[in-house]
Each structure stands twice: as structure tokens, then as C-alpha cells.
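Read the figures in this text as sums done on the coordinates, not as results from a lab. Because the structure is predicted, anything quoted here is derived from the model rather than measured. Positions of Cβ are backbone-derived with ideal geometry, glycine not excepted, and every protein chain shown enters the neighbour counts.
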């Protein structure tokens, strides 16, 4: 997906939790363990981007977790708010505003999108400390927080 703007884009990150584990992907281009996700495209909202990215990257259909306010009306559609937001630098001239969601798998069979990832892995809290390459402190924090809030 090309960038929508030369300086900043919106992106989603989805921590899918199931059976006390969180799903991470070993990203091929970045050589990092990351949640599933990617750019919000011009013709979609963040919820649609999260659902699309997870299905494209894992074969799973998910349910985003969170509260949807009862404010949908004529010309307005309420969205599930992300659990967290961040802004992170992609390179010297480009940043992403990240919308970080928690989710559960509804259906589907886990499959690797080999063009994007080396591996997909369901990780327990202790597994996060054993992956190679090492998981970044931020991803570990979000993954553990998702495990705590969704599984707990």
C-alpha cells in the first residue's frame, strides 16, 4: 500500500488474543515481531482496516474488542475506539499514527502470508521473552497488556 501522505499516515495494529496467547507476526521486511496490521486505506475506516489487515495477513476473521458508543445517526457512524494510540517514526521524513486494537478470532484457519511474514506465532507472556529476533519493549508491553485485559 503506498503512503497516502508524504509525511504521515494512519495505521492499525491488532493484538489478537486467544487461549491465553497473543498472535504475533515475524515481519519479513522489518525483521521484527509485530502485531498484525497496516495502513488505513483512503476508502476505509480504522475498523475496516483492522479487519482487512488481519484477514489478509493471517486468514482469521476477528472481533474487535472495545466499546462502541450509541451515537450512530444520520451521517455519523460510531466506531470502536482503539485501546491505545501512538505515533511512531517510519523513516526520517515519515510517521504513522498508530491505532492499537485488541481482538479475538471469530473464525478462519491460521495461514501465513509468506510475502509479508516469515512466521506467525501464538505467544504466551513468557514466550515474548524467548523470540528471536527479540521483541521490542513497546510490543512486549502492548502484548502483555492485551493478554491481561482480554484473557484476564
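By how many nm would the segment from residue 7 to residue 31 grow when fully extended, if each residue of separation counts as 0.36 nm and the alpha-carbon distance is taken off?
6.3 nm
Quick check: pseudo-label points 7 Å beyond the Cα along Cα→Cβ at residue 19 and residue 81, how many nm apart are they?
Result for the modelled spin labels: 3.3 nm.
With all pairs of different alpha carbon atoms counted, what Kirkwood hydrodynamic radius in Å does the chain show?
On the way: mean 1/r = 0.0629 Å⁻¹.
Its Kirkwood hydrodynamic radius stands at 15.9 Å.
Using a 7 Å offset from the Cα along the Cα-to-Cβ direction at both residue 115 and residue 55, what is the distance between the two label points in nm, to one decimal?
Using points 7 Å along Cα→Cβ, the separation is 1.7 nm.
Using Cα pairs closer than 8 Å and at least 6 residues apart in sequence, work out the relative contact order for the chain, in percent.
Rounded, it is 33 percent for the chain.
By how many nm would the segment from residue 68 to residue 138 lengthen if fully extended, with 0.36 nm per residue of separation less the alpha-carbon distance?
Contour length minus Cα-Cα distance gives 22.6 nm.
Considering only DSSP beta bridges where both residues belong to the chain, give the percentage that are antiparallel (nearest 5). Please list the in-between numbers first.
On the way: 29 of 38 bridges.
DSSP beta bridges in the chain are roughly 75 percent antiparallel.
In what sequence, highest mean first, do 79-91, 11-23, 29-41 appear when ranked by Cβ atoms within 10 angstrom? Mind showing how you got there, number by number?
Numbers: 79-91: 13.8, 11-23: 21.4, 29-41: 18.2.
Result, highest mean first: 11-23, 29-41, 79-91.
Calculated from DSSP H runs of 4 or more alone, at -39500 (n - 2.57) each and per residue, what is the 222 nm mean residue ellipticity of the chain, nearest 500?
-4500 deg cm²/dmol
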